[in-house]
1. Which one of the conditions (1) in a strand (DSSP E or B); (2) at pLDDT 90 or above; (3) closer than 14 Å to Gln251 by Cα does Gln224 fail to meet, given that it meets all the rest?
2. Might you check whether a residue that is of a type in the set (Ser, Thr, Tyr), at pLDDT 90 or above, closer than 30 Å to Val318 by Cβ and more than 19 Å from the chain's Cα centre (by Cα) occurs anywhere in the stretch 175-197?
3. Could you tell me which residue of the stretch 11-34 is surrounded by the most Cβ atoms within 10 Å (Cβ to Cβ), considering only residues that are modelled with pLDDT under 75 and over 19 Å from the mean Cα position of the chain (by Cα)?
4. Looking at the stretch 99-111, which of its residues are modelled with pLDDT under 90, loosely packed, with under 13 Cβ neighbours inside 10 Å and over 20 Å from the mean Cα position of the chain (by Cα)?
5. So which of Arg96, Arg122, Arg66 is modelled with pLDDT under 80 and over 23 Å from the mean Cα position of the chain (by Cα)?
6. Can you say whether Gly163 is in the same structural domain as Leu314 (by TED's automatic domain parsing), surrounded by 24 or more Cβ atoms within 10 Å (Cβ to Cβ) and at pLDDT 90 or above, as far as the supplied structure shows?
7. Does Ala240 fit the bill of being assigned by TED's automatic domain parsing to the domain that holds Asp169, in contact with a helix residue (DSSP H, G or I) (Cβ under 9 Å, 6 or more places away or on another chain), farther than 19 Å from Tyr136 by Cβ and aliphatic (A, V, I, L, M)?
8. Residues Thr217, Thr239: which one is part of a loop (DSSP other than H, G, I, E, B), among the β-branched types (Val, Ile, Thr) and modelled with pLDDT of 80 or more?
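The values are calculated or read from the model by the stated rules, or taken from the named source; none is laboratory data. Only a predicted model underlies this, so the values are computations on that prediction, with no experimental measurement involved. With ideal geometry, Cβ positions are generated from the backbone for all residues, glycine too; neighbour counts draw on all protein chains shown.
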Amino acid sequence: MHISKHIPVLPKEVIEYLDPKPNENFIDCTIGEGGHTTAILERNKPKGKVLGIEIDPELYQKLKSRMAEIRNSKLETRNRLILVNDSYVNLAETVRKQRFKPVSGILFDLGFSSWHLEESGRGFSFEKNEPLDMRYNPGGLYNQAVEVSEVFLKSGVIVSTRGRVKNMDSRFMAKDDGNEPACPIVVLVNEGTASAAEIVSGALQDSGRALLLGTQTFGKGSVQTVIPLEDGSALKLTTAKYYTPKGRSIQAEGITPDVVVKYFKTPEEKGPSSEPMREQDIVGHIRSPKEKDSPKTIEPAKKESENLMEDNQLKAAVDIIKSWEIFKKTSSGLSH
């Protein structure tokens, strides 16, 4: 089965905005394959540096090997490239430890790197037989969820918020720009699909634009507001909840897929038997109206097939999209 590779943001476009000058220092918070970093190093010679941060340990090790080749090139990066295996969440501490100052620019790319997409075959383009994979997508910014949903929707509600007071209520609508794709869409979701990713999934499902396949999503649907305090600290308050176009609460419930397909681990992936954690499993979580006071009992994981050697959820999604086209032709033939 062939899945088209994702096309990452071009380094040229990034460089246009960062506009690196000679001897300036930059931070690449999700260095990935190092494409953007290499482009920066070409511009900030001879003494400019780049601090590259990568949380994925496997990708970090591969990157170290690739950077050894780059160091031997004309870029002369031996003392100009610093690689750190950490999360961008610890950016301030990393900068302090590395004594990386002054900083002229910071590059954030909070999605999957092209390496992840190419290694796993994940990603989306407007081609047939290719599902929108939202599994293990922890979400992002609220406005990004709205913008992604608008790519596929011509009209209707995308998401709404409801708080304790009326001024916290809001509703975002889709606008028809004439460029929405007409192809059938299957969205892959699982327990790792959370927050903004759940907003997109819920919007496409409720609008009838896509079929969701996989397992129940995480259930992170609360709106949090940060209130600065006089002493420099801040207080984070939960002020509202997110709701899908049909009024379903995301918080602690998540999104239920149209077609439930549990992921079966291959023998190589198997480890200690445990169920995935969702929002409702966290102690002190904000309860859903449907939840009872009794604690949730987690059932032990069922025995999985030892012979399944591929991504069964992805295969099921691709099969549905293929059959979609077949049934459309069949229906057309029956109507004559």
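1. So the condition that Gln224 fails would be (2).
2. Here is the first cut: in the stretch 175-197, the residues of a type in the set (Ser, Thr, Tyr) are 193, 195.
Of the ones still in play, those that are also at pLDDT 90 or above are 193, 195.
When the remaining residues are screened for being closer than 30 Å to Val318 by Cβ, the result is 193, 195.
Still in the list and also more than 19 Å from the chain's Cα centre (by Cα): none.
The answer is no; no qualifying residue exists.
3. Val14
4. Lys101
5. Values: Arg96 fails: modelled with pLDDT under 80; Arg122 fails: over 23 Å from the mean Cα position of the chain (by Cα).
Selected residue: Arg66, the only one of Arg96, Arg122, Arg66 that is modelled with pLDDT under 80 and over 23 Å from the mean Cα position of the chain (by Cα).
6. On the way: in the same structural domain as Leu314 (by TED's automatic domain parsing): yes; surrounded by 24 or more Cβ atoms within 10 Å (Cβ to Cβ): no; at pLDDT 90 or above: yes.
For Gly163, the condition - in the same structural domain as Leu314 (by TED's automatic domain parsing), surrounded by 24 or more Cβ atoms within 10 Å (Cβ to Cβ) and at pLDDT 90 or above - is not met.
7. Details: assigned by TED's automatic domain parsing to the domain that holds Asp169: yes; in contact with a helix residue (DSSP H, G or I) (Cβ under 9 Å, 6 or more places away or on another chain): yes; farther than 19 Å from Tyr136 by Cβ: yes; aliphatic (A, V, I, L, M): yes.
Answer is yes for this residue.
8. Working: Thr239 fails: part of a loop (DSSP other than H, G, I, E, B).
Exactly one of Thr217, Thr239 is part of a loop (DSSP other than H, G, I, E, B), among the β-branched types (Val, Ile, Thr) and modelled with pLDDT of 80 or more, namely Thr217.
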